[in-house]
1. With the condition kept exactly as written, say whether any residue in the stretch A:190-200 is closer than 16 Å to residue A:59 by Cα and in contact (Cβ under 8 Å) with a residue 60 or more places away in the chain.
2. What do you reckon, is residue B:119 free of Cβ contacts under 8 Å to residues at least 60 places away in the same chain and surrounded by fewer than 24 Cβ atoms within 10 Å (Cβ to Cβ)?
3. Among (1) free of Cβ contacts under 8 Å to residues at least 24 places away in the same chain; (2) over 20 Å from residue A:54 (Cβ atoms); (3) more than 9 Å from every other protein chain (Cβ to nearest Cβ), which single condition is residue A:174 missing?
4. Please find, among A:161, A:128, A:150, the residue that is assigned to a helix (DSSP H, G or I), more than 9 Å from chain B (Cβ to nearest Cβ) and touching a residue at least 24 places away in the same chain (Cβ under 8 Å).
5. How many of the residues making up the stretch B:147-171 are among the charged types (D, E, K, R), more than 7 Å from chain A (Cβ to nearest Cβ) and within 20 Å of residue A:151 (Cα to Cα)?
6. Of everything in the stretch B:117-146 that's among the acidic types (Asp, Glu) and more than 14 Å from residue A:191 (Cβ to Cβ), which residue is farthest from the other protein chains (Cβ to nearest Cβ)?
7. Just give me the residues in the stretch B:174-203 being in a helix (DSSP H, G or I) and either more than 18 Å from the chain's Cα centre (by Cα) or within 14 Å of chain A (Cβ to nearest Cβ) (or both), in sequence order.
8. Just one of the numbered conditions (1) away from chain B (no Cβ under 12 Å); (2) part of a strand (DSSP E or B) is not true of residue A:137; which one?
Amino acid sequence: MDAIGTVAVGRGASADGIVEALEGFAEGGARVAVVEWGEDAELAGWPGDRVRWLWRDYPLPAVFAFEGRLAGAGASLALGCDLRVCGEGASIALDGSSLDGLTAARARTLLRLGDGEPVPASLPAGEALEAGLVSRVGAEGTAGEVARGAAEAIAARGPIATRLAKEAVWRGLDLPLEQALRLETDLTLLLQATKDRAEGVRAFLEKRPPDFSGE
Amino acid sequence: MADPVLLAIDERGVATITLNRPERLNAINMAMRDLLWEYLQACRDHPDVRAICFRGEGRAFSAGADISEFGTAPSLWESRRARHQRDLWGLMLSLPVPLVARMHGFCFGAGLELPLCCDVRVAAEDTRFALPEVTLGYIPSAGGTQTLPRTIPPGAAADLILTGEPVGAEEALRWGLVDLAVPAERLDEAVEAAVEEVLAGPFAPGRPRL
């Protein structure tokens, strides 16, 4: 199994098929998942419980790449992922009125919308970057490449650390700050007991790249 | 040898806390955490202190925690107990006066997490910002996994925390990681203006407090 598991979403894709592929990456030892949304992608639906599953329960960091206009189930799938990247000609349509509760809640979290503030209907790449809904924008046609760059960085890090970092960020965000800080402390203490953390520190002090085993 | 953290309080009630270990890019070690703890408690209890400004001596604000001290705690339990008993970052987040960070050079790891506990962050334009802990098989442990997603858009925070890659002032400004970025030669002037501004107004925390 490669460290980076990539699922290309194309014509006739199914939500079950995408979930199966993503679960396969996690079970097979991949360190990060990339979801590449193709220009011909078709997806009938990506319901809110699967949006939540992706950010809350799926163990691997997931990077979503898209070009063109992303809407509907594709946009919902993107919201569930940890990172979103796109080409500069892309846009993301989030029709607030048609989003189910869990999907709308995720959109509101990512866009930091207050109570009563509407979810914007459509964001071109530049505005999505300003809003932090996407974190990287490449030249048109390079979204896949940009996603692989981010995924390669994540895959080179300690795999337990990136899983726990994902948990800390998204689980912590729902907690009062004091409890969130205790969550972080407890996750860091778990990591202090790992071989990966010892290897990371050793490698740094010996000025060589770390060789993380995931233990 | 000079102390690795310095405290000075001026006639306006502005406490300046200087990270003063420039030969190690102000890598924050236990001695520095002890001094920060002591000085911040003193600032909290000093009736004349109206604002605190953090700065770093030398080429960088701070390159992060001193990694050579990692793994030296006697046990995980001792580590956890010490952390909860002497919660430096929690203390910062509970201080009743505005905190201003003067950022330059490198703000990596704890060198970014400390400013993330501040209300106003002013940076030189050539500053690099990162939470690179995952490169060590670790995660930010000075509050960064919680303060960063509450300061910048959480998807952008996830990118920084999961990849460990640095960003520059353009991204930092775009997402609100810093409030202001200025040419390095104007940094002191901009920080001074920010300090004057917080002194002039009623205290409005720039970030969630404990």
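The values are calculated or read from the model by the stated rules, or taken from the named source; none is laboratory data. The model shown is predicted, which means the values in this text are computed figures rather than measured ones. Please note: Cβ atoms are built from the backbone with ideal geometry, for glycine as well, and neighbour counts cover all protein chains shown.
1. Scanning the stretch A:190-200, I find no residue that is closer than 16 Å to residue A:59 by Cα and in contact (Cβ under 8 Å) with a residue 60 or more places away in the chain, so the answer is no.
2. Numbers: free of Cβ contacts under 8 Å to residues at least 60 places away in the same chain: no; surrounded by fewer than 24 Cβ atoms within 10 Å (Cβ to Cβ): yes.
Judged against the criteria, residue B:119 is not a match.
3. It fails just one condition, (2).
4. Details: A:161 fails: more than 9 Å from chain B (Cβ to nearest Cβ); A:150 fails: more than 9 Å from chain B (Cβ to nearest Cβ).
Among A:161, A:128, A:150, only A:128 is assigned to a helix (DSSP H, G or I), more than 9 Å from chain B (Cβ to nearest Cβ) and touching a residue at least 24 places away in the same chain (Cβ under 8 Å).
5. 1
6. Taking the stretch B:117-146 and keeping what is among the acidic types (Asp, Glu), we get B:119, B:125-126, B:133.
Checking the rest, the ones that are also more than 14 Å from residue A:191 (Cβ to Cβ) come to B:119, B:125-126.
Working: B:119: 14, B:125: 19, B:126: 21 Å.
Result: B:126.
7. So the first thing to find is which residues in the stretch B:174-203 are in a helix (DSSP H, G or I), and the list is B:174-175, B:184-200.
Scanning the stretch B:174-203 gives B:174, B:175, B:184, B:185, B:186, B:189, B:193, B:196, B:197, B:199, B:200.
8. Unmet for residue A:137, out of (1) away from chain B (no Cβ under 12 Å); (2) part of a strand (DSSP E or B): (1).
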